[in-house]
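The values are calculated or read from the model by the stated rules, or taken from the named source; none is laboratory data. This structure is a prediction, so every number in the text was calculated from the model and none was measured. For neighbour counting, all protein chains shown are included, and Cβ atoms are generated from backbone atoms with ideal geometry for every residue, glycine included. Accessible surface areas use protein heavy atoms only, side chains included; no ligands, DNA or RNA. Shrake-Rupley method; radii C 1.70, N 1.55, O 1.52, S 1.80 Å.
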Amino acid sequence: MPMLIVYFCWFLVSSASVDSLHGLLHLTNGNIWVLQVHISLAGDKHMRITWITDDASSPSIVEYGTSSGEYIYVAQGESTSYSYLFYSSGKIHHTVIGPLEDSTVYFYRCGGQGPEFKLKTPPSQFPITFSVAGDLGQTGWTTSTLDHINQCIYDIHLLPGDLSYADYRQHLWDTFGELVQPLSSARPWMVTEGNHEKESIPLFIEGFTSYNARWKMPFKESGSSSNLYYSFEVAGVHVIMLGSYADYDEYSDQYIWLKTDLLKVDRQRTPWLLVSFHVPWYNSNKAHQGEGDDMKASMEKLLYAAGVDIVLAGHVHAYERSVSHTHLPSVVFALTWTPGLSLIWWFEWQKRVYGGKPDSCGAVHITIGDGGNREGLAQRYYKPAPEWSVFREASFGHGELRIVNSTHAFWSWHRNDDDEAVRSDHVWITSLVSSGCLNEKIHGFRKILMEP
């Protein structure tokens, strides 16, 4: 009962703030302003546009084209809304546009009026760049992180959980949507849920009500029954977004879906396989220690058998990665030149991790929960660092993953205290497809995934 009283106090403050915010939705000429625009991938060559209005009669249409002010295409979508005790959301629109051309700039307008936005579709082939930052929140550090990301050249943003830090105060979902709109309206944001998205109140509110209504991901397009886990493909990369807060035991819907999704992966078409979720499986920080162990015990064998290359997590408010190199003598590869990156690679053995130990056929695990949240940094680490941990630091920042071709990717971490161009940590990563690991695993992989 005391907790419910606290919730009610929060909601009273929230509802007053929302009324003030909704007043800003109206333009001076009487037109309806659209707010909180963000885009996400929605199947092959399609994009979902999401926005919010306070007018129940506002249509869920998007007009778009390749020239500013010339909208030669129109798409009709759907809308939803939700109530959270004293709070009522605006009308939340979800409209899928396409088919779209690859690597193309489109101009679009939501609801038949209001401002024009601009997006760029991702490429259909390598190279492709992902920006990565989890546990964003809405602090000065968040703004710094977004400013840094805005300075890098990227195609898709990955967010492994903990978006707004609303924590029951629903107006903070609205302010978060406005905060990220300059970036999220221009490039696809692919997100998964964290603990701060749950917001359940027993007997009153189901978990993830706000998150599911506002941040619709392509779960149906990927055969999932839940917005909490899904997959997508882009430019030679298959990306799986798992749910740390959905059931994950071997009898769960998520586990069964994961096996099915992994069996569909064609490593000829998508030689890179990435997975992202909120709670890290490998963590040498004292914060949230052991919280990912149960999910790891259930699912790590599937990811290992399938040859997952990289795992991206958040939750711990710091940065940590697992891969290191042992270089072998000078064999040079001629690869597509990337500005600022070396043209030479050496044959190398990479220390990855599986089962808590270094394994050259395991995944590279990266914790990137340092986006700027209000809870501060997790600064206490266990010493000495475990054998699998190669680099760790408690600073705010973001990551960039540039997949150059089917064999090599370049990972860099950029500290907020430095200029965007400064790589505070970086490493080349070779794909498991090119290492021969998948040939060794193929029989066991099929056996594990085909088990009932």
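Computed values, structure above
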quantity: Enumeration of residues in the range 410-441 that are part of a strand (DSSP E or B), open to solvent by 20 Å² or more (accessible area, probe 1.4 Å) and among the hydrophobic types (A, V, I, L, M, F, W, C); calculated: 428
quantity: Qualifying residue in the range 160-171 (condition: without any contact (Cβ under 8 Å) to a residue 60 or more places away in the chain and open to solvent by 20 Å² or more (accessible area, probe 1.4 Å)); calculated: yes
quantity: Residue match in the range 107-121 (condition: open to solvent by 30 Å² or more (accessible area, probe 1.4 Å) and in contact with a helix residue (DSSP H, G or I) (Cβ under 9 Å, 6 or more places away or on another chain)); calculated: no
quantity: Qualifying residue in the range 262-272 (condition: in the same structural domain as residue 155 (by the TED database), aromatic (Phe, Trp, Tyr) and farther than 20 Å from residue 125 by Cβ); calculated: no
quantity: Output for the range 227-247, where each listed residue is over 14 Å from residue 262 (Cβ atoms) and among the polar types (S, T, N, Q); calculated: 227, 244
quantity: Out of 154, 230, 211, sole residue that is open to solvent by 10 Å² or more (accessible area, probe 1.4 Å), under 14 Å from the mean Cα position of the chain (by Cα) and at pLDDT 95 or above; calculated: 154
quantity: Those residues of the range 84-106 which are within 26 Å of residue 175 (Cβ to Cβ), among the polar types (S, T, N, Q) and touching a strand residue (DSSP E or B) at 6+ places or on another chain (Cβ under 9 Å), in sequence order; calculated: 89, 95
quantity: Long-range neighbours under 6 Å by Cβ, at least six apart or interchain, first residue assigned to a loop (DSSP other than H, G, I, E, B) within the range 176-194, second charged (D, E, K, R); calculated: 194/162
quantity: Residue list for the range 291-326, filter: free of Cβ contacts under 8 Å to residues at least 40 places away in the same chain and outside any strand (DSSP E or B); calculated: 291, 293, 296, 297
quantity: Of all residues in the range 365-409 being among the polar types (S, T, N, Q) and closer than 18 Å to residue 285 by Cβ, the one that is surrounded by the fewest Cβ atoms within 10 Å (Cβ to Cβ); calculated: 379
quantity: Meets criteria (in the same structural domain as residue 398 (by the TED database), surrounded by 23 or more Cβ atoms within 10 Å (Cβ to Cβ), over 18 Å from residue 198 (Cβ atoms) and touching a Leu at 6+ places or on another chain (Cβ under 8 Å)) for residue 275; calculated: yes
quantity: Filter pass, residue 387 being in contact with a Pro (Cβ under 9 Å, 6 or more places away or on another chain), in a loop (DSSP other than H, G, I, E, B) and among the charged types (D, E, K, R); calculated: yes
quantity: Test: residue 297 is among the hydrophobic types (A, V, I, L, M, F, W, C), crowded, with 24+ Cβ neighbours inside 10 Å and under 22 Å from residue 253 (Cβ atoms); calculated: no
quantity: Candidates 236, 223 - the one that is touching a residue at least 12 places away in the same chain (Cβ under 8 Å), surrounded by fewer than 19 Cβ atoms within 10 Å (Cβ to Cβ) and on the phi > 0 side of the Ramachandran plot; calculated: 223
quantity: The range 62-90 - residue that is touching a residue at least 40 places away in the same chain (Cβ under 8 Å) and hydrophobic (A, V, I, L, M, F, W, C) and, of those, surrounded by the fewest Cβ atoms within 10 Å (Cβ to Cβ); calculated: 86
quantity: Residue 135, sole failed condition from (1) of a type in the set (D, E, K, R); (2) surrounded by fewer than 18 Cβ atoms within 10 Å (Cβ to Cβ); (3) touching a His at 6+ places or on another chain (Cβ under 9 Å); calculated: (2)
quantity: Neighbours by Cβ (under 7 Å, 6+ apart or cross-chain): first from the range 140-151, touching a residue at least 40 places away in the same chain (Cβ under 8 Å) and part of a helix (DSSP H, G or I); second surrounded by 14 or more Cβ atoms within 10 Å (Cβ to Cβ) and of a type in the set (Ser, Thr, Tyr); calculated: 149/131
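Residue-wise test of (1) within 18 Å of the chain's Cα centre (by Cα); (2) among the small types (Gly, Ala, Ser); (3) within 26 Å of residue 163 (Cβ to Cβ).
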site	(1), (2), (3)
369	yes, yes, yes
373	yes, no, yes
395	no, yes, yes
398	yes, no, yes
402	yes, no, yes
408	no, no, no
412	yes, yes, yes
421	no, yes, no
426	no, no, no
